[in-house]
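One structure, pasted below without further comment.
The values are calculated or read from the model by the stated rules, or taken from the named source; none is laboratory data. Predicted, not measured: the structure shown is a model, and the values here were computed from it. Note: ideal-geometry Cβ built from the backbone for every residue, glycine included; neighbour counts use all protein chains shown.
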Amino acid sequence: MIDRTARHGTRAVLFDFDGTLADTAPDLGAAVNRLRAERGLPALSVGEVRPHASSGARGLLRVGLGLMPGDPAYEEMREAFLAHYGTRLCVDTKLFPGIAELLGQLGERGLAWGIVTNKATRFTVPLVSALGIAPDCVVCGDTTPHSKPHPAPLLHAAKALALAPARCCYVGDDLRDVQAARAAGMRSVAVQYGYHGIDNGGPRSWNADAVIARPLDLIAQL
């Protein structure tokens, strides 16, 4: 294995999952549409669901049923949505184009890589297995008491890799990913191909250390 430590001293790359490593919107949207079908509502297109996918159940119930946390039916519908999603986790979910090649190049350079996501362990671990990827660490939304944009999950990952946070780079498709990286003392990279959330502006407005259009563009930024 060739050790080509990057010019920023990076020894590991950490990735958000939904919208950064994997395009999970089709299967998340299918779970929302099952709820809508049960209520006699027409299906939403993947394009309508995609911008909300990084926000998990909260964002998807907002676009799918007009529900927000605190609404009387929210918790019941959240559990129903998660139950539907759990039965069909990886039907149309795929790695984004270029991700497999990027992970291969990180390995060739002797760089570790991991996943830090707000997605629950019960969904993340089976998805990682189904996609055939082998991260050096996986930190989920229920791994630490706090989720992103709190830095705790990123700091947990750095500790698991036995690296100082400054030696890690965090790649994500949402404003909170950049905020979490900054709070953890990691270099941040925002991706233009992801979901981006809503009311967040675009990736170039988040003050990330770098913005990339395609996964393989990351190599030039390390």
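Quick check, is residue 37 hydrophobic (A, V, I, L, M, F, W, C) and surrounded by 13 or more Cβ atoms within 10 Å (Cβ to Cβ)?
So residue 37 fails the test.
Among the residues of the range 100-119, what is the count of those that are in contact with a helix residue (DSSP H, G or I) (Cβ under 8 Å, 6 or more places away or on another chain) and closer than 24 Å to residue 27 by Cβ?
Residues that pass the stated criteria total 9.
Which pairs have Cβ atoms under 7 Å, sit 6 or more apart or on different chains, and link a residue in the range 88-101 that is of a type outside the set (Lys, Arg) to one that is surrounded by fewer than 17 Cβ atoms within 10 Å (Cβ to Cβ) and in a loop (DSSP other than H, G, I, E, B)?
Final answer for the pair search is 98/214.
Let me ask something additional. Out of curiosity, is residue 5 modelled with pLDDT of 95 or more, under 25 Å from residue 177 (Cα atoms) and among the polar types (S, T, N, Q)?
no
Among the residues of the range 173-191, is any buried (at least 20 other Cβ atoms within 10 Å of the Cβ), within 26 Å of residue 63 (Cβ to Cβ), in contact with a helix residue (DSSP H, G or I) (Cβ under 7 Å, 6 or more places away or on another chain) and not hydrophobic (A, V, I, L, M, F, W, C)?
yes
With at positive phi, surrounded by fewer than 17 Cβ atoms within 10 Å (Cβ to Cβ) and assigned by TED's automatic domain parsing to the domain that holds residue 45 as the only criterion, which of 98, 70, 110 stands out?
None of the other options fit; the residue is 70.
Same structure, new question: Restricting to the range 112-124, name every residue that is under 14 Å from residue 15 (Cα atoms) and more than 12 Å from the chain's Cα centre (by Cα).
Matches in the range 112-124: 112, 113.
Please go through the range 14-68 and give me each residue that is out of contact with any strand residue (DSSP E or B) (no Cβ under 7 Å at 6 or more places or on another chain), within 23 Å of residue 151 (Cβ to Cβ) and part of a loop (DSSP other than H, G, I, E, B), ordered by number.
Residue satisfying the conditions is 19 alone.
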